[in-house]
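Heads up: the structure comes next, in structure tokens.
The values are calculated or read from the model by the stated rules, or taken from the named source; none is laboratory data. Since we're looking at a predicted model, the values are computed, not measured. So basically every Cβ, Gly included, is an ideal-geometry build from the backbone, and we count neighbours across all protein chains shown.
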Amino acid sequence: MPRFEYDVTRHHADTFRELTFYCSDQGQCALDAVPQEQADVLKALLNQRGWEGWELVQLAFGDNGLIAFWKRAIRG
């Protein structure tokens with residue numbers, strides 16, 4: 001049976017200010033409003049952690065940024 005280790009990383013809103021906060025006053029959010037540069041920042045984070053063997057489990061967005069939950073198989 002595979003075994004896993006987990007990691008939780010926090011990323012401040014300054015890094016993802018336009019990725020996490022593109023919602024109207026009525027609470028309607030649209031992904032097409034996210035600038036490509038902000039999507040690229042998230043892609044770089046995902047690729048970096050992926051190269052280290054981590055798999056993204058969940059992203060949670062909040063007022064102060066986002067938190068990412070990761071897992072990877074334990075070898076041996």
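I need the full set of residues from segment 49-70 which are at pLDDT 85 or above, under 17 Å from His11 (Cα atoms), surrounded by fewer than 15 Cβ atoms within 10 Å (Cβ to Cβ) and charged (D, E, K, R), in order please. If the condition is that a residue be at pLDDT 85 or above, under 17 Å from His11 (Cα atoms), surrounded by fewer than 15 Cβ atoms within 10 Å (Cβ to Cβ) and charged (D, E, K, R), then Glu55 is the only one that fits.
Set side by side, the residues Glu18, Glu5 differ, and just one is among the charged types (D, E, K, R), surrounded by 10 or more Cβ atoms within 10 Å (Cβ to Cβ) and modelled with pLDDT of 90 or more, which is Glu5.
The residue pairs whose first member lies in segment 47-76 and is part of a loop (DSSP other than H, G, I, E, B), whose second member is surrounded by 14 or more Cβ atoms within 10 Å (Cβ to Cβ) and not charged (D, E, K, R), and whose beta carbons are closer than 8 Å, counting only pairs six or more residues apart or on different chains, are Trp54/Trp70; Asp63/Ala13; Asn64/Ala13. The set of residues in segment 43-60 being over 17 Å from Asp7 (Cα atoms) and not charged (D, E, K, R) consists of Ala44 alone.
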